[in-house]
Amino acid sequence: MSKAIVFIHGSGDSARVWGAQVDQFEGHATYAIDLPGHGERADTLPAQVSVLDYARAVHEIIEGELRLAQPIIAGHSLGGAVALMMALEYGADLGGLILIGTGARLRVHPDLLASARAEPQPTLYRDLAACNDFDIMGQVQDIRLPTLIICGADDRMTPVKYSQYLHQRIAGSELRVIAEAGHYVMREQPEAVKQAIREWLARDGGPTVL
């Protein structure tokens, strides 16, 4: 059976952000999940969390609910950080990574943090604070998984240089820069993103698991 793909959304989002990607890859089961406190999933985490906390929560969902063997983890922004952390913590349990609009460090502008903190919905601030504290620039070279990196050429939140850094340090990774797209590249250029993933799956994500 081909490896399943688990999609993880970014800060303040939900599984719905992946509507254009779910069920689009023949031979690969796809699952878009909500992080705790997002979408339809109950909040089981404290008011302050780290990317590692989210990575542990996703690992529990994959192991306990989905029961998947060596899935490919696809993550956008915060979700990409979660995927990277999962690769470091649970690499032997994973089959590959698809990193979209993310980086090894995700600094958040202080004005954006302050604005999110004033919002009545606390999960956005919690997400952005977790991003702001995230930094694996010194560890990313330890990742040893087939990896596809995708970014929008016009992304200002996680600029192309963030993806280039990942590409330079994750051995054997592939980088695809999508023209005329910003941070939400999978929504802005869904066909280009799907094509990039399909081509990569045919090469690096194709091996089956028993």
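Coordinate-derived values only; no laboratory data. Everything numeric here is computed off the predicted structure, so don't read it as measured data. Backbone-built Cβ (ideal geometry, glycine too); neighbour counts: all protein chains shown.
Report for the chain the percent antiparallel among DSSP-assigned beta bridges with both residues inside it, nearest 5.
10
Listed highest first by mean packing, meaning other Cβ atoms within 10 Å per residue, what order do 51-63, 190-202 come in? Before the final figure, lay out each step's value.
Numbers: 51-63: 19.7, 190-202: 17.3.
Listed from highest to lowest mean packing, they are 51-63, 190-202.
Between residue 66 and residue 153, what's the calculated FRET efficiency when r is the beta-carbon distance and R0 is 35 Å? Round to 0.05.
0.55
How high is the relative contact order of the chain, given as a whole-number percent (alpha carbon pairs under 8 Å, six or more residues apart)?
Computed over the chain, the figure is 21 percent.
For the range 137-210, what relative contact order do you get, as a whole percent, if you take Cα pairs closer than 8 Å and at least 6 residues apart?
So the answer I get is 32 percent.
Once the Cβ-Cβ distance between residue 20 and residue 161 is put in as r, and R0 is 30 Å, what FRET efficiency do you end up with, to the nearest 0.05?
0.70
Could you calculate the contour length gain from residue 88 to residue 199, that is, 0.36 nm times the residue separation minus the distance between their Cα atoms, to one decimal place in nm? Could the numbers behind the result be given before it?
Details: separation 111, 0.36 × 111 = 39.96 nm, distance 2.51 nm.
The residue 88-residue 199 span can extend by a further 37.4 nm.
Taking amide H atoms as placed 1.01 Å from N in the peptide plane, list the residues 5 or more away in sequence, or in a different chain, whose amide H sits under 5 Å from that of residue 30.
Placed amide hydrogens put 5, 23 under 5 Å from residue 30.
So what is Rg over Rh here for the range 122-181, counting just Cα atoms and using Kirkwood for Rh? Mind dumping the intermediate values first?
Working: Rg = 13.2 Å, Rh = 12.9 Å.
We get a ratio of 1.02 for the range 122-181.
What percentage of all Cα-Cα pairs in the range 51-140 are separated by more than 21 Å?
33
Compute the distance from the alpha-carbon center of the range 35-68 to that of the range 108-172, in whole Å.
18
Could you work out [θ]222 nm for the chain from helices alone, using -39500 (n - 2.57) per DSSP H run of at least four and dividing by all its residues? Round to the nearest 500 deg cm²/dmol.
-10000 deg cm²/dmol
Using θ = phi - 60° and the Karplus curve 6.51 cos²θ - 1.76 cosθ + 1.60, what whole-Hz ³J(HN,Hα) does each residue of the range 103-116 get, with Gly and Pro shown as x?
Coupling constants for the range 103-116: x, 7, 9, 10, 5, 10, 4, x, 5, 5, 4, 5, 5, 5 Hz.
Rounded to whole Hz and in sequence order, give me ³J(HN,Hα) for the range 56-63 from the Karplus expression 6.51 cos²θ - 1.76 cosθ + 1.60, θ = phi - 60°, writing x for Gly and Pro.
In residue order, the calculated couplings are 5, 5, 5, 4, 5, 5, 5, 6 Hz.
Under a 5 Å amide H to amide H cut-off, with H placed in plane at 1.01 Å, what residues pair with residue 102 once short-range neighbours are removed?
77
With the Cα gyration tensor of the range 55-204 giving a ≥ b ≥ c as the square roots of its eigenvalues, does the rule (a/c under 1.5 for rounded; else a/b larger than b/c for prolate; else oblate) give rounded, prolate or oblate? Before the final figure, lay out each step's value.
Values: a/c = 1.56, a/b = 1.18, b/c = 1.32.
Oblate shape, in that a/c is at least 1.5 and b/c is the bigger or equal ratio.
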